[in-house]
Amino acid sequence: MSLSVLSRKEKEKVIRRLLIQAPPGEFVNAFDDLCLLIRDEKLMHHQGECAGHQHCQKYSVPLCIDGNPVLLSHHNVMGDYRFFDYQSKLSFKFDLLQNQLRDIQSHGIIRNETEYLRTVVLCALKLYVNDHFPTGNCNVLRKTIKNKEFLIACIEDHNYETGDCWNGLWKSKWIFQVNPFLTQVTGRIFLQAHFFRCVNLHVKISKDLKESLEVVNQAQLALNFARLVEEQENRFQASVLDELQELSNEALRKIIRRDLPVTRTLIDWQRILSDLNLVMYPKLGYVIYSRSVLCNWII
C-alpha cells in the first residue's frame, strides 16, 4: 500500500515503527531516507522527536556533560522527554537529530549513604571500563522502588563505521538493591551488529544473569561488583566468539560439497605443483606422480 493513501494516524504509526527499528548508529540515516518518501516536514519532525527519545533509551546513547559521560536510558527518564544526570545534577531534553541538549535545568539530590555508594561504585566501574573498552562509557544511577533503594550500572561501547558498511554496539545493565549483608545482582548483556556490504546481516545476542554479592563495606562492595561484571562480560565475549566461529565453520561446510576438515592452515600450492610430474599413458590418460616418491621407488 502506498503511503499517499494512508491516513495521518496510519502514517504516524508506520513512521514511528520504522524509526524505532533503526539499528544503533543509523537513526539519522533512517530519518533522512523517510523524509524523502514522506515529504511532510512537520510530521517527520514530530515523529522523529518521539522515536528518537525511545531510540536513546533502547540503545543507551552516550552524551558528555561537563566532561563526564552520561548514558541515556529509561532509568533516568523524568517525563516530558526529559533525562536526568546524577553527576551534573541536570535535567535536559536531547535532540537526537541535531545531536544537542535543550532546555537544561538544575536539580538537587539527597546526599545519603546510597549516594556515596553510587559514587564509589562508579569509580570502580570506570576502572574496569577504561581497561577493557576502547571508547567505553559507564554510568551509575539511583532509583527508589517501593521505598527500596537500588543502584543501576550501565555500560556502553560502540563502533559505527558506515564507511566500512558495519555498525556494532555492546551494552550491559546491572541492578542491585542496597542491602546491609547480602544483595542479588541482576544483569543483562546485549550485543548488536549490522553488516550491510553485499548482504544485509543483523546479529543480536543477549544474556541475562543473576549473582549474589556479600556486603562488607562500600569499598569492598564496589570492588566485588566491578570484578563480577568483568568476569561475566569476559565469559559472554568468549562464548560469542566461539559461537561465531562455529557459525563460520558451519557456513563453510555448506558451501563445499563434501564435509572436509577445517585445518585453518595455508597450503603452499606452488611447492606442491613443483613437486609433481605429469605422465601420459594411452589407456589411463594423465597420471600425476610425485618426483620424490617416484625417485624413491626407482631406487
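Annotations for the structure displayed:
- Test set (1) buried (at least 16 other Cβ atoms within 10 Å of the Cβ); (2) modelled with pLDDT of 90 or more - D103 fails condition number: (1)
- Unique residue being open to solvent by 60 Å² or more (accessible area, probe 1.4 Å) and part of a strand (DSSP E or B) when the list is Y160, Y116: Y160
- Taking the range 133-157 as the range and being crowded, with 17+ Cβ neighbours inside 10 Å and among the hydrophobic types (A, V, I, L, M, F, W, C) as the test, the residues that pass are C138, V140, L141, F150, L151, I152, A153, C154, I155.
- In summary, Q47 fulfils each of the numbered conditions (1) among the polar types (S, T, N, Q); (2) within 17 Å of N139 (Cα to Cα); (3) in contact with a helix residue (DSSP H, G or I) (Cβ under 7 Å, 6 or more places away or on another chain) with the single exception of condition (2).
- Subset of the range 163-172 that is assigned to a strand (DSSP E or B) and either modelled with pLDDT under 85 or out of contact with any helix residue (DSSP H, G or I) (no Cβ under 8 Å at 6 or more places or on another chain) (or both) - its residue that is surrounded by the most Cβ atoms within 10 Å (Cβ to Cβ): W170
- Where a residue in the range 186-212 is touching a residue at least 12 places away in the same chain (Cβ under 8 Å) and more than 22 Å from L247 (Cα to Cα) and its partner, wherever it lies, is open to solvent by 90 Å² or more (accessible area, probe 1.4 Å) and among the hydrophobic types (A, V, I, L, M, F, W, C), with Cβ under 9 Å and at least six apart: S212/L182
- When L213 is tested against (1) under 15 Å from the mean Cα position of the chain (by Cα); (2) assigned to a strand (DSSP E or B), exactly one condition is not met: (1).
- When we screen L125, L72 for residues that are closer than 25 Å to V229 by Cα, in contact with a Leu (Cβ under 8 Å, 6 or more places away or on another chain) and either open to solvent by less than 40 Å² (accessible area, probe 1.4 Å) or modelled with pLDDT of 90 or more (or both), the only hit is L72.
- Answer residue from the range 75-86, given it is open to solvent by 10 Å² or more (accessible area, probe 1.4 Å) and not basic (K, R) and is nearest to W174 (Cα to Cα) among those: H75
- Within this structure, D66 fails the test of being modelled with pLDDT of 90 or more and either more than 26 Å from N159 (Cα to Cα) or open to solvent by 30 Å² or more (accessible area, probe 1.4 Å) (or both).
The values are calculated or read from the model by the stated rules, or taken from the named source; none is laboratory data. A quick note: this is a predicted structure, and the numbers were derived from the prediction, not measured. Note that we place each Cβ from the backbone using ideal geometry, even for glycine, and neighbour counts take in every protein chain shown. Surface areas here come from the heavy atoms of the whole protein model, side chains and all, with no ligands, DNA or RNA. Shrake-Rupley method; radii C 1.70, N 1.55, O 1.52, S 1.80 Å.
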